Amino acid sequence: MYTQSFSVPDDSTPKPVKSVGSTEPPELMAKFDARIDADGRIEPQDWMPEAYRKTLVRQISQHAHSEIVGMLPEGNWISRAPSLKRKAILIAKVQDEGGHGLYLYSAAETLGTSRGEMLDALHSGKAKYSSIFNYPTLNWADVGVIGWLVDGAAIMNQIPLCRCSYGPYARAMIRVCKEESFHQRQGYEALLVMMKGTQAQRDMVQDAVNRYWWKCLAMFGPPDADSPNSAQGMRWGIKRISNDDLRQKFIDATVPQAKVLGVTLPDPDLKWNEERQHYDYGQIDWDEFWATVNGNGPMNKERLATRVKAHNDGAWVRDAALAHARKQQQRNLKEAA
Ligand code: BYC
């Protein structure tokens, strides 16, 4: 199992940064570049180029949206969990994802963007969130497979983000990764139990793996050659490992886990390559990925509608909290007078 101890290779130190655009003050830009080159952290009060700020708001808010929308596919199964133990675990996991969304919105707010703006972008369909949450959860094994493979892929992507150059994002990711590690293990354990059960349960697990495997590989984003944001993200120390390298690490770590579990990964081209010391794998359907990212996956409309409804239904809670805060402020002012 890969966990917190997953180590980032030593060659991951950001490459020297070329100034972006000529409109930034050269002196400030040089100071910023030097800090990135020395693998230092940028904090909210520090000067930073607008393009760096914009990139972070884009990535962190998309990440926050993914956590919040990611509560929905598994949330569907809370009322149908097969035992009290599984229900308690699932409630805790889904609640954790909500917490991750909140830390991440807070981290993005330190860059000067309001939570309202970010939520408007999500609710109007302008903002992206992870493609993986636009597929249905058809049976109980899907919940285990989401834990094992979706959270597993998420950890692989997120451990390097604990060393991201932007301090608040890096710090938020440390706690997120610890919790994701528990999520991955609970999913794998739930599947191990099902695989020791009846043939019908084993078939359910295999069916869920067949439906989710390729979508999980696409979670890491487009191939490096087609990834417009990667080069700059890597130079700024936001991304430490490329989309393709993370995908490969995930495959290499997951194949032995699938063997222990007793499931087949649905890729006839999946073979150990002695020369590369990695598994070779087949073609990912990128047309299907882009259709989903652009709003036309099987569940996009339903996920967004559910999210908007949850937000609207919660308006009275936000109003009540604001009214309470106002009252308390008035009371404090009165007492101080
Ligand atoms: N889905 O140039 P690229 C979780 C977009 S939730 C949708 O490679 P970048 C969990 C990308 O945004 C974990 N869109 O971009 C929760 C870009 O579009 P824009 C979510 C994708 O940023 C609940 C365009 O494609 N994790 O763990 O360098 C339950 C070109 O891509 C996807 C994060 O958000 C995708 N899969 O790299 C269970 C991690 N992939 O913005 C589990 C943080 C790419 O230019 N984010 N796109 O219009 C990242 O690490 C990076 O943003 C990515 C993409 C690797 C995702």
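Rounded, prolate or oblate: which fits the stretch 223-309, taking a ≥ b ≥ c as square roots of the Cα gyration tensor eigenvalues, rounded meaning a/c under 1.5, else prolate when a/b beats b/c? Oblate is the answer for the stretch 223-309, as a/c is 1.5 or above yet b/c matches or exceeds a/b. Centroid-to-centroid, using Cα positions, the stretch 38-60 and the stretch 163-206 are 30 Å apart. With both labels modelled 7 Å from their Cα along Cα-to-Cβ, the Asn273 to Gln95 distance reads 4.5 nm. Looking at the stretch 262-337, the trypsin sites (Lys or Arg not before Pro) that sit in a DSSP loop and have at most 16 other Cβ atoms within 10 Å of their own Cβ are Arg276.
Ordering Leu217, Leu84, Leu304, Leu333 by accessible surface, largest first, gives Leu84, Leu333, Leu304, Leu217; the 1.4 Å probe counts only protein heavy atoms, with every chain in place. Do any GluC sites (Glu not before Pro) in the stretch 251-330 lie in a DSSP loop with no more than 13 other beta carbon atoms within 10 Å, and if so, which? Passing both the DSSP loop test and the Cβ count: Glu274, Glu275. Note on Lys31: aspartates and glutamates with a C-alpha under 15 Å away, same-chain residues under 8 apart excluded, are Asp39, Glu43, Asp46, Glu50. So for the chain, taking the charge dipole from beta-carbon charges (+1 Lys/Arg, -1 Asp/Glu), which of Trp47, Ala310, Ala208 sits furthest toward the positive end? Highest projection toward the positive end goes to Ala310. GNM remark for the chain: springs join alpha carbons under 10 Å apart, and the peak mean-square fluctuation among Asp280, Asp267, Asp319 falls on Asp319. Calculated accessible area for the stretch 61-123 comes out at 40 Å² per residue, all protein chains present (probe 1.4 Å; ligands, DNA, RNA ignored). When the trypsin sites (Lys or Arg not before Pro) in the stretch 105-210 are filtered for DSSP coil states and for at most 12 other beta-carbon atoms within 10 Å of their beta-carbon, the remaining sites are Lys126, Lys196.
Across the chain, the relative contact order, built from alpha-carbon pairs under 8 Å that are at least six residues apart, equals 20 percent.
On full extension, the segment bounded by Glu50 and Trp290 gains 83.6 nm, given 0.36 nm per residue less the C-alpha separation. Taking all protein chains as they are arranged and a probe of 1.4 Å, the heavy atoms of Val260 leave approximately 110 Å² accessible to solvent. For the listed residue pairs Lys54/Lys239; Lys126/Lys249; Lys249/Lys271, the alpha carbons are over 21 angstrom apart in Lys126/Lys249. Look at the alpha carbon pairs under 8 Å that are at least 6 residues apart: their mean separation over the length of the stretch 224-290 gives a relative contact order of 19 percent. Radius of gyration (Cα atoms) of the stretch 68-130, expressed as a multiple of 2.2 N^0.38 Å: 1.36. If you take the alpha carbon atoms of the stretch 14-122 and fit the smallest convex hull around them, that volume is 130 Å³ per residue.
Using every pair of separate Cα atoms, the Kirkwood estimate puts the hydrodynamic radius of the chain at 21.6 angstrom. Between Val193 and Asp39, residue separation times 0.36 nm minus the direct Cα-Cα distance comes to 51.0 nm. Using C-alpha pairs under 8 Å with a sequence gap of at least 6, the mean separation divided by the residue count of the stretch 162-321 gives a relative contact order of 18 percent.
The values are calculated or read from the model by the stated rules, or taken from the named source; none is laboratory data. Nothing here was measured: the structure is a model prediction, and the numbers come from that model. Positions of Cβ are backbone-derived with ideal geometry, glycine not excepted, and every protein chain shown enters the neighbour counts. For the accessible areas, the whole protein counts, side chains as well, though only heavy atoms, and no ligand, DNA or RNA atoms are used. Shrake-Rupley method; radii C 1.70, N 1.55, O 1.52, S 1.80 Å.
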